[in-house]
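Derivation of every value follows stated rules applied to the coordinates shown; laboratory data play no part. These numbers come from a predicted model, not from an experiment. Cβ sites come from the backbone with ideal geometry, for glycine too, and all protein chains shown count toward neighbours.
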Amino acid sequence: MRIVARCFLLPLTLAAGTVWAQPSLVPRFEVAVIKPAPDCVLTPNGGGKLGLMSPGRIEVECATVWSLIGGAYAVDEHLQRRRVQIEGGPRWLKSETYSVTAKAEDGKSPVPMMLGPMMRALIEERFALRTHTETREGPVYGLVAAKGGLKAKASAPGACVPGDPNRPPQDWHPNSDTFKNCGIRNLRARGGMVLEATGVTMSELAQSLPLDRETVNRTAIEGRFDFVLRYSNEDSPAPSAESAIERSPGIFTALEQIGLRVIPARGPLQFVVIDSVQKPTEN
């Protein structure tokens, strides 16, 4: 069975395991403008084109409502990444495109919060979106230990701060030099991507792997670890013969280098079913 690595519709950089707030404390957009963008061109994977991104402000230049919903439900109120399947809704959700410009009322909300829970609240308001969730058994991936065991360094005590539901992160922006919370940063680099893990559990790693299915931790490995994965998507184009940049290995090979494997399995899947939705109200 071939396993394929894929990106989410709206790529997000998250700190896995970072807990930010209870649902009642999720900030809201102070100003949000949603406009039809009928002449824009979608990205090859059908996702939105992200424009200006900074703490407290986002711009999505071209996106279907389907991709906005997919990105909004991919992050929970605690900034933890999750994979959900979207079902239902009219055809125009996947064909009509919109631009979104929004500013957070607190002026400093991190991008994952704005593209996740805050976008979800905005869509529910402007598109009158109503959904319900279902859990079903289906195909997943299992993260397991490879022969020889894990080859990652255990985190030093106090090197980072695990998520705490009663405290915000020590720094608002996970790409900041002063970011001290345990978590994962997934960054673009020469030849592919770099996944930097600081104080990460195997469950948090499984949730953050950029695969086309839910990945479940089945390693039985306890504790928090630090490691770096340099990888490339298997379906990305190969470098030209003249290129001096060596492409990183596929993510499955990269995982094996630190003593982990991904195998096909069965497990629970979360589905978000669209009950009703309308075209957006005027701004």
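Please enumerate, by chain and number, the lysines with C-alpha under 22 Å from the C-alpha of residue 153, excluding those fewer than 8 residues away in the same chain.
180
Given R₀ = 22 Å, FRET efficiency for residue 76-residue 106 by Cβ-Cβ distance, to 0.05?
Values: r = 19 Å, r/R0 = 0.86.
The pair residue 76/residue 106 has a calculated efficiency of 0.70.
Please report the equivalent ellipsoid semi-axes of segment 68-151, computed as sqrt(5 x eigenvalue) of the Cα gyration tensor, largest first, in whole Å.
Details: eigenvalues 178, 81, 26 Å².
Calculated on Cα positions only, the semi-axes equal 30, 20, 11 Å.
Report the full-extension gain for the segment residue 124 to residue 30: residue separation times 0.36 nm, less the Cα-Cα distance, to one decimal in nm. Write out the running numbers ahead of the final one.
Values: separation 94, 0.36 × 94 = 33.84 nm, distance 1.55 nm.
This chain segment gains 32.3 nm when fully extended.
Among the lysines, which have Cα under 21 Å from the Cα of residue 35 when same-chain residues fewer than 8 positions away are ignored?
Straight-distance partners of residue 35: 49, 94, 103, 279.
Evaluate Rg over Rh across segment 108-154, taking Cα atoms for both radii and Kirkwood's formula for Rh.
Working: Rg = 19.1 Å, Rh = 15.2 Å.
Value, to two decimals: 1.25.
How charged is the neighbourhood of residue 258? Take every other residue with its Cβ under 14 Å from the Cβ of residue 258, and add Lys/Arg as +1 and Asp/Glu as -1.
Charge balance near residue 258 sits at +2.
Out of the trypsin sites (Lys or Arg not before Pro) in segment 182-214, which ones are loop residues according to DSSP with at most 13 other C-beta atoms within 10 Å? Spell out each step's value before the answer.
Values: sites: 185, 188, 190, 213; in loops: 190, 213.
Sparse-neighbourhood loop trypsin sites (Lys or Arg not before Pro): 190.
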